Every structure is written in structure tokens, then in C-alpha cells.
Ligand code: SF4
């Protein structure tokens, strides 16, 4: 088994095990119920798109890193007015469920003969866990022990035990861990590959995957189980068998890199993973964020934490607002169901881009301030 090192600790390279299993078909070593994967896909046809949960039921641990103002809109029951899910969302989520089901199955097969690694509470057996958020008192008391408070639920993709090898020890010891499986867009997957999973983005905004990992760890800690690791395994939705990445900073003029030179380029793996360690500050912030939302009087208690990024009215863009004075709203605002509640002056427009193949997509902007 391959190991990856994080500071003074070595952890199993689970993504390498999964890739190997995906490349080598064989008889199953574990009993799997194909109906579980089928049901998870068909569930997408039952879910009512566009129906928004309100009040306490809108709060989920999976959204612990979301924009706090957006959490407050839903918690206070404001009708959404912004990005709406469409038929493409149903297909994307269904495809994601199918691939995630296949990945978890491959993972269970890959670890079947590996000493020390075990995984349960996957698929239809996922466990519902809760972070209890106190409404008053010292927030540090809510870390790491059972605590009376408002329960916020979540469903990790799996829970298990993994060997952890600390520097200086003769052999690894076993620790509990949480599994999260993600399907990622091109952008998110390349970012994961280059930067890993930071707790905060470069602009200080929480990283949703990292916060979700800490929320689940915190829920288990409050149950009295001292989890300090989450394994996030992800696949790139658009990674193909012929995709590669280059390491060279000085590409030759022909933009071709030599064969068999591992220092210059390598195949892109479609599946990669990362161990995310416990972070007490982030876990305390998660409790604090939920507490602020629960005690707020409305979304306007919170300033807009996200805003216009850049002026898109540069010459050469083909769109009907060419030359208009506007500032573009990007993620997460352009995907936010409360976009127009939050930015009443926002507007959308279609913009074409690309050279060999012209593409066109919808952008969102607000009038640029003078
Ligand atoms: S539009 Fe942006 S700032 Fe406003 S609630 Fe949504 S994500 Fe937050």
C-alpha cells in the first residue's frame, strides 16, 4: 500500500487503491446491493426541484461553509429569487450519484484485503449525524463533547477506521475517519489538484469542502468519537483518458513535451484524494456561524460577504451589453437562489467566448459604480 505524508504523519493513499481497482476488473470480494446505487440515481426524479427548505430544516452541515447571508435568507423563510435548478441539474446530480456509487463500491473492493482500513455507513446505510449548536454560553464548550443545543443534521458518505503512522512510531495505530466523495467541475478539480483543500480561499472565504469535513468531524466529536481525519476523494467530471498535465514552466514553442519525461508531463488521474486534518478554529467558527444565523433577525443582519469581482466590459467580447458599465458577479453569487433578493440591481446577459469553438454562457453583473 502507498502512503502519503502530511507533516509528521503518514496516511494510506486511498485514491491510488481506488484507481488500481478501477483499472483491474475482477470478481467481487464484498457483497454489494446494486439496488442501492439504482435507487440513489432514481431519487433525483422524485425530488421536487426548486422547492426550498425554510427555517431550521434549511440548515445542513453540508452547507456549513456557505455564504452566511444565504443561510439566513433560507432560515428566515425568504422566497428565493435567483438561480433556479433546471433539467440539467437533475441529469448532473443523477450522473454524480451513479459515479459516486461506483467509486464507493470500488473503494470497498480496494480495501477488502488491506489490513487496518475498514469502511461502513455508505450508500443507503449512510448515518444521519448532528452538530449541536448552543444558543448561548462559551462556544468552546460545544467542541468535543455532547452538548445541549439546536441540532443541525448531515450525512457523511462513509465512516471507517484507518491506519495512521506518526513519525517515530514503530508501527501505525488505528483511528476513526470520515469519507466524503465529490464529483468536481473542471475548475474545481484542477484547483483541488494544484492547491489541495485549503480551509479558506485566498480571499478569506471559507472553502465549502473543508468546512463540511470539519462539520462532520465535529458532529462525531460531540458524540464522543475523537475523529481527526476526513478523506475527500473526488473525480473530475470532464477528465478523459488522454488528458495530461505539464510541469514545465518553459514550454517549447511547439507546445509539445517529450515522451517519457516524468519531470515535464504526466497523465491526469481522473480520481484523486486528500486527507483533511481536524482544525479546532474552523470547528469553532462553524458553531459560531450557525449560532449567528439562529439568533439573527433577518438576512440584513449580515453584510454581503461576496461581491463584484471584475469589469467584464472589455473590448472584444461579443454580447449585447458590450461596452456597458457593469461589474460581474461570479461564484457563489451567480449560482445563488437569493441573487436578486441580495442584489436587486443585478442583471444577466449571454456572452460568447472561445476561438476555435465559440461557446456562449450566461453571466451575471451589477451596474458599475462611478
Ligand atoms: S448573492 Fe452572494 S452575497 Fe448574496 S446571499 Fe447569495 S452568495 Fe451571499
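The numbers here are math on the coordinates, done by the rules we state, and not lab data. In this text the structure is predicted, and so the values were computed from the model without any measurement. Please note: Cβ atoms are built from the backbone with ideal geometry, for glycine as well, and neighbour counts cover all protein chains shown.
See the values below:
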{"read-out": "Distance from region 44-110 to region 1-29 (C-alpha centre basis), Å", "value": "29"}
{"read-out": "Convex hull of region 88-211 built on C-alpha atoms - directionally averaged projected area, nm²", "value": "11.6"}
{"read-out": "Cα-based equivalent ellipsoid of region 82-126: semi-axis lengths in Å, sorted from largest, via gyration tensor", "value": "31, 10, 7"}
{"read-out": "Virtual spin-label span in nm between residue 267 and residue 303, 7 Å along Cα→Cβ", "value": "5.0"}
{"read-out": "Förster radius 30 Å - calculated FRET efficiency between residue 6 and residue 288 (Cβ-Cβ, nearest 0.05)", "value": "0.70"}
{"read-out": "Value of Rg to Rh for region 203-243 (Rh from inverse mean 1/r over Cα pairs, i.e. Kirkwood)", "value": "1.18"}
{"read-out": "Most fluctuating residue given options 220, 54, 194, as computed from a GNM of the chain linking Cα atoms under 10 Å", "value": "194"}
{"read-out": "Over the chain: helical MRE at 222 nm, DSSP H runs n ≥ 4 each giving -39500 (n - 2.57), nearest 500", "value": "-8500 deg cm²/dmol"}
{"read-out": "Taking only Cα atoms of region 13-102, radius of gyration then Dmax in Å", "value": "18.0, 52"}
{"read-out": "Nearest-0.05 FRET efficiency for residue 256 and residue 357, computed from C-beta distance (R0 25 Å)", "value": "0.70"}
{"read-out": "The chain: mean projected area of Cα convex hull, nm²", "value": "22.8"}
{"read-out": "Label point distance in nm, residue 167-residue 237, each placed 7 Å from Cα along Cα→Cβ", "value": "4.0"}
{"read-out": "Beta bridges per DSSP with both ends in region 3-301, % antiparallel, nearest 5", "value": "80"}
{"read-out": "Binned Cα-Cα distances of region 255-309, short to long, each 5 Å bin given as a whole percent", "value": "4, 11, 11, 11, 10, 10, 10, 9, 8, 7, 6, 3, 0"}
{"read-out": "Simple label model, 7 Å out from Cα along Cβ direction - residue 205 to residue 52, nm", "value": "1.8"}
{"read-out": "Most to least packed among 345-358, 261-274 [average Cβ atoms within 10 Å]", "value": "261-274, 345-358"}
{"read-out": "Debye log10 I(q)/I(0) at q = 0.15, 0.24, 0.25, 0.30 Å⁻¹ for region 159-205, Cα point scatterers", "value": "-0.67, -0.91, -0.92, -1.04"}
